[in-house]
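Here's the structure we're looking at; comments come further down.
Please treat every number below as a calculation from the coordinates, not as lab data. If you're wondering where the values come from, they're calculated on a predicted model, not measured in any experiment. Quick reminder, even Gly has a Cβ in these numbers, built from the backbone with ideal geometry, and neighbours come from all protein chains shown.
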Amino acid sequence: MQINIILKNIFYLILRLVSILIIYQLLRLGYYYYNHEYFTEINIHSYLEIIKGSLKFDISAILYINILIVFLSLLPSKLIIKKAYHKFISFLFIYCNILAIIASVIDMFYYPYIKNRITFSFFKELSQTGLIQNENPIKIILKFGIDYWIIIPIIWIILYALKYLARKTRLNTENIQINTVYIITNLIIAILLYTLTVFGLRGSFIYKNRPITISNAGKYAKKPNQIPLIINTPFSLIRTAHIKELSKKEYYKKNEANKYYDATKSFTSSQINKKNIVLIILESMATEYYGIYNNIEKTYTPFLDSLISKSFTADYTFSNGIKSIDAMPAILASIPTTQFHFSLSKYATNNIQGIGNLLKEIGYSTSFFHGAPNGSMGFESMANICGINNFYGMNDYPNRKDYDGIWGIWDDKFFSFFADKLNEFKEPFFSGIFTCSSHHPYKLPKEYHNQFNKGKHPMHECVQYTDYALQKFFNRIKKEEWYKNTLFVITADHTNISMQKKYKTSLGIFRVPIIFFDPNNNLIAKKSKIIMQHTDIMPSILGYINYNKPVIAFGNNVFKDSLANFAINYHNDYQLIINEKLIIYNEDIDKIQYIYEFKNDPLLKKNIVHNINFLEKQYYRNKIRAFIQNYNNRMINNNLTYED
């Protein structure tokens, strides 16, 4: 009799966990269906392979979330006969799992914005964005709920199912007799199942294997951007909850590593040209929206297209991250994002040579502007770390009526404020601005309603508005005396909603414009064939003004073609863009797994890794490993400033 009760109890526990496993697969199907345009070339066979690979990640996440439920359900104790005890277990089962499921459902609709699963850093980002510091964060939540109202009935249905399941799998304890045989038998079975639970948490029955992480999903992915489909949101949150620790690398001796990649950049000019520098970072204004980058007449950025025709840019220009917080250190200090967000990591306290520090040494005044509340996104802090003295945010703006009610001051109004301040600064100056209007929930000032083409997505109207705001800014400043003695650098922090397939690949999600415009130097105006990245901006500015001291920078001076011919970013694996190829390297197995000729294969359909000769692959591998060694060791040793 006791054995039957024990087995029934175990059966009910397994039934609960398997039911959650089924829910995870249904959520994965919804995740794929809603975002299917980002997951190209997935057919029934490949999706079944994804399901097969996903099981260990789902099991691991489910066991982490239900570890207390498992422990209490199998505990050999007299508590097992108490109804209140079973109700407590049912309560834990329902609400622990519904929280994880809510995160998964929200993530389903958030993927188009970050092109990945939510990680634990998301919560730290919230503390640094307008969501916490904003006057009315409820507006953002309500707006998101209205735009994605389907979330509410999905969660309600799943919650109802969990309550029904918990009620039907509650053990009837009235006839249970607790004795020594029951306790011993239950203890033996419990130890066995606890052991299996540990293996399930680790994702392997081989004890010597390390617990599975996100990178292990690469084994089951045909393409790197399929990894978010293989893992799940709770697993992503759990595995990124701890601060990422870098490990020292000794792949090569220092001199050998520097042959492949060297972060020390030398500037040896005899005379500095102290031009003013104006840096403009446009929120979410991806390359996809520009006519000139896509060789088409239809454009959402008519002013920027006209400006680019007089500027230095390239066919292929990339961000080093996929979030706003990644852009600031990459652009202002030439520090890219790798496996973690630099500005959220412990390494953000390292001494760095930001552009503000370097320019102040030669007599520049420095400032940065962001239309959101001061402190939002941690931009004020990062600007200060990079040596920029003066920060102007929404708190410093004189007219609160120009607040958009969600994120900050409307772009056209804040650009006007920016122009006024520039006229007050002593030359030479460095000043940057980060816009905020081209962003969900895609609102425009009332006076601009119906002025722009609606496009295929609400974002397209916002892009046109910001482009127009930028045009008004340039029209206003071009008559100022300082204008012709100024280098303007324009880029975007990251990509946004994509309508074209080539911008949904693991390469396309990093494509942002990088533009250098000097109204007094038409000679630089060209569309180059080199590769550019965010980390190139700081050393390129220094090179352009003939800076004359060595610095530490993970990018290159793009005005020297022989150097600026590659980009490195991280999207579940390291990605090297070089020689019109995308090379994807898995650090865990120390192997290049994918190579694509992205110019001829923009959708990344044909993996040619086996067609590339050994020496060429070895060169790419050496370059990536030398970058990792340089990056990791400098971060760990706090060696991000040049020393003789």
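Can you pull out the GluC sites (Glu not before Pro) in the stretch 282-329 that DSSP calls coil and that have at most 16 other Cβ atoms within 10 Å?
On the way: sites: Glu283, Glu288, Glu297; in loops: Glu283, Glu297.
Here the sparse-neighbourhood loop sites are Glu297.
Three principal axis extents, largest first, for the C-alpha atoms of the stretch 375-487, in Å?
Reported extents, whole Å, longest axis first: 42, 33, 25.
If each of Ser204 and Asn522 carries a label point 7 Å out from its Cα toward its Cβ, how far apart are those two points in nm?
With each label point 7 Å from Cα toward Cβ, the separation is 6.4 nm.
Given that compact globular proteins tend to follow 2.2 N^0.38 Å, what is the ratio of the alpha-carbon Rg of the chain to that value? Walk me through the numbers on the way to the answer.
Details: Rg = 27.3 Å, N = 644, 2.2 N^0.38 = 25.7 Å.
Expressed relative to 2.2 N^0.38 Å, the Cα Rg reads 1.06.
So if I take the alpha carbon set of the stretch 292-339, get Rg, then get Rh from the Kirkwood formula, what is the Rg over Rh ratio? Numbers along the way, then the final one.
On the way: Rg = 13.8 Å, Rh = 12.8 Å.
Rounded to two decimals, Rg over Rh is 1.08.
Taking the Cα centre of the chain as the origin, how large is its charge dipole in debye, to the nearest 20, when only Lys and Arg (+1) and Asp and Glu (-1) carry charge on their Cβ atoms? Display every interim value, and only then the final one.
Numbers: 72 positive and 48 negative charges, 392 e Å.
Using Cβ point charges on Lys, Arg, Asp and Glu, the chain gives about 1880 debye.
Using +1 on the beta carbon of Lys and Arg, -1 on that of Asp and Glu, and nothing else charged, what's the dipole of the stretch 381-491 about the Cα centre, debye to 20? Working shown, then result.
Values: 14 positive and 13 negative charges, 47 e Å.
My answer is approximately 220 debye.
Considering the zone a paramagnetic label at Asn294 would reach in this model (a point 7 Å from Cα along the Cα-to-Cβ line), which residues of the stretch 436-478 have amide N under 18 Å from it?
What the label zone holds, given the 18 Å backbone N cut-off, is 438-439, 452-468.
Suppose each label sits 7 Å from its Cα in the direction of the beta carbon; what would the Asn258-Ile10 distance come out to in nanometres?
In this crude spin-label approximation the distance works out to 6.4 nm.
Check each of the GluC sites (Glu not before Pro) in the stretch 1-96 and keep only those in coil by DSSP with at most 16 other C-beta atoms within 10 angstrom; list them in order. Numbers along the way, then the final one.
Values: sites: Glu37, Glu41, Glu49; in loops: Glu41.
Those that pass, being in a loop and sparsely packed, are Glu41.
By DSSP, what percent of the beta bridges with both residues in the chain are antiparallel, rounded to the nearest 5?
Working: 25 of 53 bridges.
Antiparallel: roughly 45 percent of the beta bridges in the chain.
Which of the lysines could a cross-linker span from Lys254 if the Cα-Cα distance has to be under 17 Å and same-chain partners fewer than 8 positions apart are dropped?
By straight Cα distance, Lys254 reaches Lys265, Lys623.
What FRET efficiency would be calculated for the residue pair Asn613, Lys446, taking the C-beta separation as r and a Förster radius of 51 Å, to the nearest 0.05?
Working: r = 61 Å, r/R0 = 1.20.
In this case the efficiency is close to 0.25.
Considering the stretch 499-644, what Rg and Dmax in Å follow from its alpha-carbon atoms?
That works out to 16.8, 51 Å for Rg and Dmax.
Per Stokes-Einstein, at 37 °C and 0.692 mPa s, what whole-number D in µm² s⁻¹ belongs to the stretch 560-644, with the Kirkwood radius over Cα pairs as the hydrodynamic radius?
It comes out at roughly 233 µm²/s.
Loop only per DSSP, at most 12 neighbouring Cβ atoms within 10 Å: give me the trypsin sites (Lys or Arg not before Pro) in the stretch 1-95, ordered by residue number.
Lys82
So how far, in whole Å, is the C-alpha centre of the stretch 1-36 from the one of the stretch 503-538?
Taking the Cα centre of the stretch 503-538 as reference, the centre of the stretch 1-36 is 49 Å away.
Normalised by the residues of the stretch 332-400, what does the relative contact order come to in percent, with Cα pairs under 8 Å and at least six apart?
Normalised by residue count, the contact order of the stretch 332-400 is 34 percent.
Take the alpha carbon atoms of the stretch 215-330, find their radius of gyration, then divide it by 2.2 N^0.38 Å using N residues; give the quotient. Please report the intermediate quantities before stating the final value.
Working: Rg = 20.8 Å, N = 116, 2.2 N^0.38 = 13.4 Å.
This ratio for the stretch 215-330 stands at 1.55.
Explain nothing, just compute: Karplus ³J(HN,Hα) = 6.51 cos²θ - 1.76 cosθ + 1.60, θ = phi - 60°, for every residue of the stretch 278-290 in order, whole Hz, x for Gly and Pro.
After applying 6.51 cos²θ - 1.76 cosθ + 1.60, I find 10, 9, 10, 9, 9, 4, 6, 7, 5, 4, 4, 7, 9 Hz.
How many angstrom lie between the Cα centre of the stretch 471-496 and the Cα centre of the stretch 39-64?
47 Å
Would you kindly calculate the translational diffusion coefficient of the stretch 374-419, applying Stokes-Einstein with the Kirkwood radius from alpha carbon pairs, for 37 °C and a viscosity of 0.692 mPa s, and quote it in µm² s⁻¹ without decimals?
Values: Rh = 11.4 Å.
Reported coefficient: 288 µm²/s.
Roughly how many Å is it from the Cα centre of the stretch 579-634 to that of the stretch 250-298, as a whole number?
20 Å
Starting from the Cα-Cα distance between Leu187 and Asn389, subtract it from 0.36 nm times their residue separation and give me the gain in nm to one decimal. Each step should come with its number before you reach the end.
Numbers: separation 202, 0.36 × 202 = 72.72 nm, distance 6.49 nm.
Length gained between Leu187 and Asn389: 66.2 nm.
Ile636 to Lys360: FRET efficiency via 1/(1 + (r/R0)^6), r the Cβ-Cβ distance, R0 25 Å, to the nearest 0.05?
On the way: r = 28 Å, r/R0 = 1.10.
It comes to 0.35.
With θ taken as phi - 60° and the coefficients 6.51, -1.76 and 1.60, list the Karplus ³J(HN,Hα) couplings across the stretch 31-39 in order, rounded to whole Hz; mark glycine and proline as x.
Result, ordered by residue: 4, 5, 4, 5, 10, 4, 5, 8, 10 Hz.
Mind pulling the per residue volume of the convex hull built on the Cα atoms of the stretch 279-411? Å³ is fine.
On the way: hull volume 19.4 nm³, N = 133.
Expressed per residue, the convex hull around the Cα atoms of the stretch 279-411 is 146 Å³.
Taking the Cα atoms of the stretch 468-524, report the difference between the largest and smallest coordinate on each principal axis, in whole Å and largest first.
44, 25, 15
Hey, got the dipole for the stretch 256-376? About the Cα centre, +1 on K and R Cβ, -1 on D and E Cβ, debye to the nearest 20?
On the way: 9 positive and 9 negative charges, 77 e Å.
The calculated dipole for the stretch 256-376 is roughly 360 debye.
Pairs of alpha-carbon atoms within less than 8 angstrom and 6+ residues apart define the contacts here; what relative contact order does the chain have, in percent?
Numbers: 1099 pairs, mean separation 123.5, N = 644.
Here the relative contact order equals 19 percent.
Gain in length, Asn351 to Leu55, computed as 0.36 nm per residue apart minus the alpha-carbon separation, to one decimal in nm? Write down the numbers at each step before the final one.
Details: separation 296, 0.36 × 296 = 106.56 nm, distance 4.32 nm.
Residue separation times 0.36 nm, minus the Cα-Cα distance, leaves 102.2 nm.
Between rounded, prolate and oblate, where does the stretch 443-581 land on the alpha carbon gyration tensor, with a ≥ b ≥ c its root eigenvalues, rounded for a/c under 1.5, else prolate if a/b exceeds b/c?
On the way: a/c = 2.50, a/b = 1.15, b/c = 2.16.
Cα axes put the stretch 443-581 in the oblate bin.
State the extension gain, in nm to one decimal, for the chain segment bounded by Lys456 and Glu480, taking 0.36 nm per residue of separation less the distance between their alpha-carbons. All intermediate terms of the calculation are to be shown ahead of the outcome.
On the way: separation 24, 0.36 × 24 = 8.64 nm, distance 3.79 nm.
Using 0.36 nm per residue and subtracting the Cα-Cα distance, I get 4.8 nm.
Hey, can you grab everything whose amide H is under 5 Å from the amide H of Ile514? Only 5+ residues off in sequence or another chain; H modelled, so Pro and N-termini drop out.
Ala314
So if we plug the beta-carbon distance of Lys143 and Leu603 into 1/(1 + (r/R0)^6) with R0 = 41 Å, what FRET efficiency do we get, rounded to 0.05?
Working: r = 33 Å, r/R0 = 0.81.
Approximately 0.75, to the nearest 0.05.
Once you have the alpha carbon radius of gyration of the stretch 343-405, what is it after dividing by 2.2 N^0.38 Å, with N set to its residue count?
Values: Rg = 13.5 Å, N = 63, 2.2 N^0.38 = 10.6 Å.
Here the answer is 1.28, to two decimals.
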